[in-house]
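Throughout, read-outs are computed from the coordinates displayed, never taken from laboratory work. These numbers come from a predicted model, not from an experiment.
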Amino acid sequence: MGTILDYRKMVEQPWGRMFYEMIYNQLDFSGDKRLRILDFGAGFCITADHYAKDHEVIAVEPNEEMYSLRVKENEYTLITQGLDYLKTVPDDSFDVVFCHNVLEYVDNREEILKQLARVVKPEGVLSVIKHNLYGRVMGSAVLADDPQAALDLLNEVPEDSMFGNRSVYSDELLIEALSQDMTLSETYGIRAFFGLSSNNEIKSKKEWYQPMLELEIKASTMDEFKRVAFFHHLVFRKNGSFL
Ligand SMILES: C[S@@+](CC[C@H](N)C(=O)[O-])C[C@H]1O[C@@H](n2cnc3c(N)ncnc32)[C@H](O)[C@@H]1O
């Protein structure tokens with residue numbers, strides 16, 4: 001298992017940066033008015049910092065090892081708590097809420113989702129990025145050359161990680177948990193291809209990076225590639241009030 005420092009170094013690599021570039025492409029708010037954005041489980045605050053260029057952003061991150069290594073080029077507010085903070089936030093507070101690669105590590109997923117849905121404004125956006133089982137299986141079997149880990153994933157053997165137990169949950173479970181308040185507007189794939197080759201040398205070349213990004217963006221909306229993408233990005237809209 002890698003350390004948090006390894007993870008921090010990884011996000012600076014081309015294959016780390018591409019993950020975030022995909023998010024910025026899928027959630028382009030550059031033409032919008034100044035939005036209120038919450039990033040729950042913000043990690044190194046890379047996404048929070050990016051949107052803080054144009055918007056008011058609150059980054060929520062309880063792990064000191066993570067937030068002490070955060071990116072801080074733009075102004076945003078860091079809250080060093082988790083669910084306890086969410087519970088203090090009034091209903092309908094944010095135009096956009098992010099929860100990216102967090103719910104795999106929590107044991108109170110439903111409760112967190114309920115709170116996240118509550119704090120989104122009517123017609124606002126909840127963006128959840130999550131592991132996709134079949135993409136993870138491809139990653140273990142191909143990039144990591146570890147077919148046993150791939151089999152373990154398919155056999156639902158419990159996994160350990162740097163953030164404790166990790167569990168892959170289905171898109172359907174997420175959609176069902178949010179069905180009272182939220183309507184799914186889009187599902188994208190992320191990392192259908194860029195995490196499959198271990199030839200890292202080529203990845204720092206422009207000739208690899210630009211067409212790979214273009215390919216990923218194209219594949220991210222195609223069902224055939226979504227099924228084997230490492231991540232799924234589900235974008236929900238909160239139902240409006242029908243008064
Ligand atoms: C894989 S990192 C993702 C970080 C960031 N969202 C990103 O996309 O770069 C998972 C993050 O979830 C945070 N996390 C885990 N359990 C949490 C909880 N119960 N409440 C808030 N954050 C949590 C971890 O501390 C970690 O920073």
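What are the residues whose amide H is under 5 Å from the amide H of ILE79, where those residues sit 5 or more places off or on another chain and H is modelled from the backbone?
Those lying under 5 Å, H to H, from ILE79 are ALA59, VAL60, GLU61.
Given the rule -39500 (n - 2.57) for each run of at least 4 DSSP H residues, summed and divided by the residues of the chain, what is its mean residue ellipticity at 222 nm, to the nearest 500 deg cm²/dmol?
-9500 deg cm²/dmol
Label segment 101-243 by shape, choosing from rounded, prolate and oblate, from the square roots a ≥ b ≥ c of the eigenvalues of the Cα gyration tensor; if a/c is under 1.5 it is rounded, and otherwise prolate applies when a/b is larger than b/c, oblate when it is not. Mind dumping the intermediate values first?
Working: a/c = 2.47, a/b = 1.44, b/c = 1.71.
The shape class here is oblate.
Based on the alpha-carbon gyration tensor of the chain and its eigenvalue square roots a ≥ b ≥ c, which shape applies: rounded if a/c is under 1.5, prolate if not and a/b is larger than b/c, or oblate? Present the calculation step by step, with values, prior to reporting the outcome.
Values: a/c = 1.45, a/b = 1.35, b/c = 1.08.
Rounded is the answer for the chain, as its axis ratio a/c remains below 1.5.
Output wanted: per-residue J couplings in Hz (rounded whole) for segment 189-205, from phi through Karplus 6.51 cos²θ - 1.76 cosθ + 1.60, θ = phi - 60°, x for Gly and Pro.
Those phi angles translate into x, 9, 6, 6, 10, 6, x, 10, 9, 9, 7, 6, 4, 5, 6, 8, 8 Hz.
Tell me, what does the Kirkwood hydrodynamic radius of segment 1-143 come to in angstroms if you use every pair of distinct C-alpha atoms? The partial results should precede the final answer.
On the way: mean 1/r = 0.0628 Å⁻¹.
Computed over segment 1-143, the radius equals 15.9 Å.
Step through the table entries LYS203/LYS226; LYS87/LYS121; LYS9/LYS53; LYS72/LYS205; LYS130/LYS206, compare each Cα-Cα distance with 25 Å, and write down the pairs that go over it. All intermediate terms of the calculation are to be shown ahead of the outcome.
Numbers: LYS203/LYS226 22 Å; LYS87/LYS121 15 Å; LYS9/LYS53 23 Å; LYS72/LYS205 27 Å; LYS130/LYS206 28 Å.
Violating the 25 Å limit, Cα to Cα: LYS72/LYS205; LYS130/LYS206.
Please report the antiparallel percentage of DSSP beta bridges with both residues in the chain, rounded to the nearest 5.
Working: 16 of 33 bridges.
In the chain, DSSP labels about 50 percent of beta bridges as antiparallel.
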